[in-house]
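The values are calculated or read from the model by the stated rules, or taken from the named source; none is laboratory data. These figures come from a predicted structure and were not determined experimentally. Note: ideal-geometry Cβ built from the backbone for every residue, glycine included; neighbour counts use all protein chains shown. For the accessible areas, the whole protein counts, side chains as well, though only heavy atoms, and no ligand, DNA or RNA atoms are used. Shrake-Rupley method; radii C 1.70, N 1.55, O 1.52, S 1.80 Å.
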Amino acid sequence: NFRGLLGSLQWPAVQSQPHLQCATSLLAGQMSAGLVKSIQDGNKLLKFAKENSDVALRYGYLDKPENLRLVCMFDAAFCVRRDNSSQGGYIVMLVPESTFHGTETEYHVIDWKSSKLPRVARSSLGAEAQAAGQATDSVDFICKFWDHLQLPNLSLEQLLRRPSDLRPTLITDAKALYDSY
């Protein structure tokens, strides 16, 4: 059944296969419609998942902790869901500092999400701003967690006040959001 198929796709999408999450989320939004096309799309996604089952997250050595940075790419798609709501998502990566100097390097995927945005957006900019907010929340949490691991004796107040050693960078393709910022 369609519900079972979605459940079997959502687990890996959330736990270990970020490349499945957007499509799985969009399909979940179609479940109540009861359309044959939704089932066909689900079967296509299952085929894609099986064909790409060898894609895995690997976590090897990157660099010394003081040479690591946090990068988050986020995006939104305005009014793309069946109910005319918008989809937003982000991916957060730990990268060596050398990445910022043009060196192609490996990276670690730390967090990801693709989901229906919580509020109805009236414009593409509104959707992008919501996605930016979700991405920023994730980045802020990861930075504070990282800093706490590196400096376990600092109080919470001290951790919250200090800039993160990861020096996070947010990346967007939304020029209007960038210009507004």
inquiry  = If residue 103 meets every condition in (1) within 21 Å of residue 32 (Cβ to Cβ); (2) free of Cβ contacts under 8 Å to residues at least 12 places away in the same chain apart from one, which number is that one?
reply    = (1)
query = Given the conditions (1) open to solvent by 70 Å² or more (accessible area, probe 1.4 Å); (2) touching an Asp or Glu at 6+ places or on another chain (Cβ under 8 Å), and given that residue 162 satisfies all but one, which numbered condition is not satisfied?
reply = (1)
key: Subset of the range 118-133 [open to solvent by less than 40 Å² (accessible area, probe 1.4 Å) and of a type outside the set (Gly, Ala, Ser)]   = 128, 130
ask   = Residues that are in contact with a Gly (Cβ under 7 Å, 6 or more places away or on another chain) and at pLDDT 95 or above: which helices (runs of 4 or more DSSP H) entirely in the range 78-181 hold 1 or more of them?
value = 124-150
remark   = A careful count of residues in the range 3-32 that are within 18 Å of the chain's Cα centre (by Cα), assigned to a helix (DSSP H, G or I), polar (S, T, N, Q) and surrounded by fewer than 19 Cβ atoms within 10 Å (Cβ to Cβ) gives 2
query = Of the residues that sit in the range 136-150 and are acidic (Asp, Glu) and open to solvent by 80 Å² or more (accessible area, probe 1.4 Å), which one is farthest from residue 68 (Cα to Cα)?
reply = 137
ask   = Filter the range 36-55 for residues that are open to solvent by less than 70 Å² (accessible area, probe 1.4 Å) and among the small types (Gly, Ala, Ser); which is farthest from the chain's Cα centre (by Cα)?
value = 38
ask   = Does residue 98 fit the bill of being farther than 17 Å from residue 172 by Cα, more than 19 Å from the chain's Cα centre (by Cα) and not basic (Lys, Arg)?
value = yes
request  = Tell me, yes or no, whether the range 105-112 has at least one residue that is touching a Ser or Thr at 6+ places or on another chain (Cβ under 7 Å) and of a type outside the set (Val, Ile, Thr).
outcome  = yes
